[in-house]
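A.B. asks: The structure's right below; bear with me while I get my questions together.
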Amino acid sequence: MKKPRLAWGLSALLFALLLALPAFADDAPAAAAAAAAAAGPPKIDTGDTAWMLTSTVLVLLMAIPGLALFYAGMVRKKNVLATMMQSFAICCIVTLVWVVAGYSIAFTNGNAYMGDFSRVMLNGIGAGISKGTDIAFTLGAGTDAAAVQTVPETVYMMFQMTFAIITPALIAGAFADRMKFSALCIFITLWSLLVYSPVAHWVWAPTGWASQMGILDFAGGTVVHINAGVAGLVCALVLGKRVGYGSDNMAPFNLSYAVIGASLLWVGWFGFNAGSAVGANGRAGMAMTVTQIATAAAAMGWMFAEWITKGKPSVLGVISGAVAGLVAITPASGYVLPGSSIVIGLAAGVICFWAATGLKHMLGYDDSLDAFGVHGVGGIVGALLTGVFAYGPLSATDASPDGTSGGMDQLKLQAIGVASTIVYSGVMTLILLMVTKALVGLRVTEEEEREGLDIVLHGEQIF
């Protein structure tokens with residue numbers, strides 16, 4: 001049997017097994033059901049919904065064209081189109097995976113580790129619309145941790161879909177210039193289902209174990225950045241170094257592309273962080289404020305660290321620092337005040353500069369576009385510092401009037417979240433890479449790599 005046929009056959013079998021698995025959602029407690037019935041269905045807030053629709057567009061803007069341009073500007077000319085193709089194709093692949101099973105695994109009740117399959121193919125998501133356009137939905141409905149929303153479930157699902165899209169797209173920066181396109185398609189499909197969706201459930205579903213423990217991650221420090229960064233490091237180690245790494249000139253083809261891409265990421269990140277408030281409210285305003293401040297601080301931190309150690313502040317350095325700040329403030333954005341965001345940003349800029357230069361060369365791995373150095377390390381910095389600087393009133397609710405404040409106990413919880421994500425993402429990524437390698441192989445040949453992925457994989461090139 002040819003490998004492509006085997007790959008398609010096993011992929012079809014995987015989806016068949018997913019669809020055949022029984023749902024195991026928790027039964028609704030009688031008291032919660034009675035209270036919900038008495039209160040009536042939750043109502044949509046049009047202002048919140050408008051902001052969430054806008055935020056969804058902003059986060060999608062981060063992936064295409066933002067990340068596509070950012071990464072394409074940092075590779076060599078012969079791989080620009082292939083790098084853009086990766087971001088675009090991942091957007092399409094993950095959209096379908098999210099609809100088929102990803103959203104259901106991430107955000108239905110299930111158990112502490114993954115959701116059930118009650119929303120496979122988005123089954124039942126239109127129920128609220130059919131009963132009237134003013135009906136919102138409740139995340140974790142029927143459980144003691146149910147969270148009433150003010151937006152339609154379709155909007156919440158779409159917002160979370162954009163997170164699911166950009167996370168595996170970040171991984172591609174670690175294996176730029178050398179992975180087969182067929183391998184990317186299979187690996188990303190499996191990773192989205194078996195790594196991203198379960199980790200999202202842990203942290204953001206009311207029934208997830210990390211959520212129940214009180215681990216804080218406002219917009220994706222663990223779910224998105226540590227998850228993707230660690231996966232990228234494993235990919236870089238498994239695939240090995242690029243041909244000519246350390247001897248050939250691998251300077252970026254067009255840094256102006258990268259600057260435009262980084263700028264789009266910065267703008268789109270307001271949807272990423274402020275949108276995670278799931279409403280047009282004061283918390284969203286604070287999340288937007290600290291995102292801007294931390295990003296500027298990190299860009300300056302990286303710039304001055306590079307200026308001091310290398311003699312000149314580079315364009316690539318300052319935009320990399322900005323992205324590091326965006327990454328680090330992500331888990332903290334709904335929990336910290338402006339003064340704390342400056343500290344988080346400066347720490348991220350300096351530490352990620354060291355990770356992308358000193359640490360990478362010290363350990364000898366080839367993380368092509370510093371997916372681990374920026375996203376993995378930046379996510380760890382941000383997740384841990386959230387536990388230090390969290391300001392209780394920002395997360396206060398009727399059920400928890402004091403909110404969650406930083407301190408040693410919260411820092412320990414954050415460390416548990418960080419460690420768990422590192423281990424799970426690292427082990428599962430390695431397993432899925434081995435599966436993909438057995439199906440279609442992982443890496444192009446040395447001759448193909450030297451010729452360039454644009455012409456070899458896609459039959460196109462830029463002049």
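Nothing in this text is a laboratory measurement; each read-out follows from the coordinates by a stated rule. It should be emphasised that the depicted structure is a prediction, and the values quoted were computed from it without experimental measurement. All Cβ positions, glycine included, derive from the backbone under ideal geometry; neighbour counts span all protein chains shown.
A.B. asks: If each residue's Cβ is checked for other Cβ atoms within 10 Å, how do VAL381, VAL99 rank with the fewest at the top?
C.D. replies: Listed from fewest to most nearby Cβ atoms, that is VAL99, VAL381.
A.B. asks: What is the packing order of peptides 158-164, 280-286, 369-375, taking the mean over residues of other C-beta atoms within 10 Å and listing the highest first?
C.D. replies: Numbers: 158-164: 22.7, 280-286: 17.7, 369-375: 29.0.
In decreasing order of mean packing, 158-164, 280-286, 369-375 become 369-375, 158-164, 280-286.
A.B. asks: Within 10 Å of each residue's Cβ, count the other Cβ atoms and sort CYS92, CYS185, CYS352 from fewest upward.
C.D. replies: Sorted ascending by nearby Cβ count, the order is CYS92, CYS185, CYS352.
A.B. asks: Please tell me the relative contact order of the range 47-440 in percent, rounded to the nearest whole number, where contacts are Cα pairs under 8 Å and at least six residues apart.
C.D. replies: Relative contact order here is 21 percent.
A.B. asks: Modelled label-to-label distance, GLU448 and VAL148, 7 Å Cα→beta-carbon offset: nm?
C.D. replies: Going from the GLU448 label point to the VAL148 one covers 5.6 nm.
A.B. asks: Let me have the 222 nm mean residue ellipticity of the chain computed from DSSP H runs of 4+ only, each contributing -39500 (n - 2.57), with the sum over all residues rounded to the nearest 500. All intermediate terms of the calculation are to be shown ahead of the outcome.
C.D. replies: Values: 21 runs with 276 residues, N = 463.
Helices in the chain give a 222 nm mean residue ellipticity of -19000 deg cm²/dmol.
A.B. asks: Taking +1 at the Cβ of each Lys and Arg and -1 at the Cβ of each Asp and Glu, which of LEU337, LEU265, LEU433 sits farthest along the dipole of the chain towards its positive end, judged by Cα position relative to the Cα centre?
C.D. replies: Result: LEU433, furthest along the dipole toward the positive end.
A.B. asks: Stokes-Einstein at 37 °C, 0.692 mPa s, Kirkwood radius from Cα pairs: D for the range 47-440 in µm² s⁻¹?
C.D. replies: The estimated diffusion coefficient comes to 159 µm²/s.
A.B. asks: If the limit is 23 Å between Cα atoms, which of LYS241/LYS437; LYS78/LYS310; LYS78/LYS312; LYS77/LYS310 go over it?
C.D. replies: Long pairs (Cα-Cα over 23 Å): LYS78/LYS310; LYS78/LYS312; LYS77/LYS310.
A.B. asks: A follow-up question, please. Set the Förster distance to 30 Å, then compute FRET efficiency between MET434 and ASN123 from the Cβ-Cβ distance, nearest 0.05.
C.D. replies: The formula returns an efficiency of 0.35 here.
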